[in-house]
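Below you'll find the structure, written out as structure tokens, and then a few comments.
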Amino acid sequence: MPVIASSSDIYGHWKNSNFEEVVIAIGGNLGERQKIFDSLQALGVPFANVIDSTADIRSEVKLGVGNVILANVFIGPFVSIGNNCYIITNTCINHDSVVGSHVYFSAGCVVAGNVKIGDRVRFDTASGAKAKINVNNDSTIGPGKILIESI
């Protein structure tokens, strides 16, 4: 299947039964991911979750749609992940955390337990958050930074 440039082209292919579900392969551009997701969702195009076979997803995890979960990711029990998130290799999201929609985790991120993450949050390489804090919508956590209090 070729890469398709517009939502209307994708919708046409879906209506013609050329595919069953779609996934957005753009990683860190959160605005573009959300724009594409919202336009396709408004057209009724269904989204798949793409999960690498080496990902370790524990019990009672709730996943939205359109998520990409790459190799060696750990998602602890009772974690909730919204829609259209992109989670890169060796990221760890611990128990009882809540991740909003359109969130990006670069390689090697660590989120402790009971963390609440809003929408359109970007965790750059090797960043993270300590337990029981809140991360507001549209926040960016720079490379190697660990949040020790809510932002």
Taking the dipole of the chain about the Cα centre (Lys, Arg +1; Asp, Glu -1; charges at Cβ), the one of ALA129, SER39, VAL61 that reaches farthest to the positive side is ALA129
Given unit charges at Cβ for Lys, Arg (+) and Asp, Glu (-), the dipole magnitude of the chain about its Cα centre in debye, nearest 20, is 300 debye
The set of residues whose placed amide H lies less than 5 Å from the amide H of ILE57, leaving out same-chain residues fewer than 5 positions away, is ILE75
Cross-link reach from LYS35 to aspartates and glutamates, straight Cα distance under 17 Å and at least 8 residues apart if same chain, gives ASP9, ASP119, ASP138
Per the helix-only model, the chain has a calculated mean residue ellipticity at 222 nm (DSSP H runs of ≥4, -39500 (n - 2.57) each, divided over all residues, rounded to the nearest 500) of -4500 deg cm²/dmol
Counting only DSSP loop positions in region 15-81, the trypsin sites (Lys or Arg not before Pro) whose Cβ has at most 15 other Cβ atoms within 10 Å are ARG58
Tilt, helix 30-42 to longest principal axis of the chain (alpha-carbon atoms), in degrees rounded to tens, equals 50 degrees
Exposure-ranked with fewest Cβ neighbours within 10 Å first, ILE117, ILE81 stand as ILE81, ILE117
The answer for ILE51, listing residues at least 5 apart or on another chain whose modeled amide H is closer than 5 Å to its amide H, is ILE69
For ASN84, the residues 5 or more places away or on another chain with a placed amide H closer than 5 Å to its own amide H are VAL65, GLY66, ASN67, HIS102
When the chain is treated as a Gaussian network with springs between alpha carbons less than 10 Å apart, the largest mean-square fluctuation among ASN18, ASN134, ASN29 is found at ASN18
In region 6-151, taking the dipole from +1 charges on Lys and Arg beta carbons and -1 charges on Asp and Glu beta carbons about the Cα centre, the listed residue (VAL50, ALA107, VAL23) farthest towards the positive end is ALA107
If one builds a Gaussian network model of the chain from Cα atoms under 10 Å apart, the most fluctuating residue listed among SER59, SER106, SER17 is SER17
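Where a number appears in this text, it was derived from the coordinates with a stated rule and is not lab data. For clarity, every value in this text was computed on a predicted model and none was experimentally measured. Because the Cβ atoms are built from the backbone with ideal geometry, glycine has one as well, and the counts that use them run over all protein chains shown.
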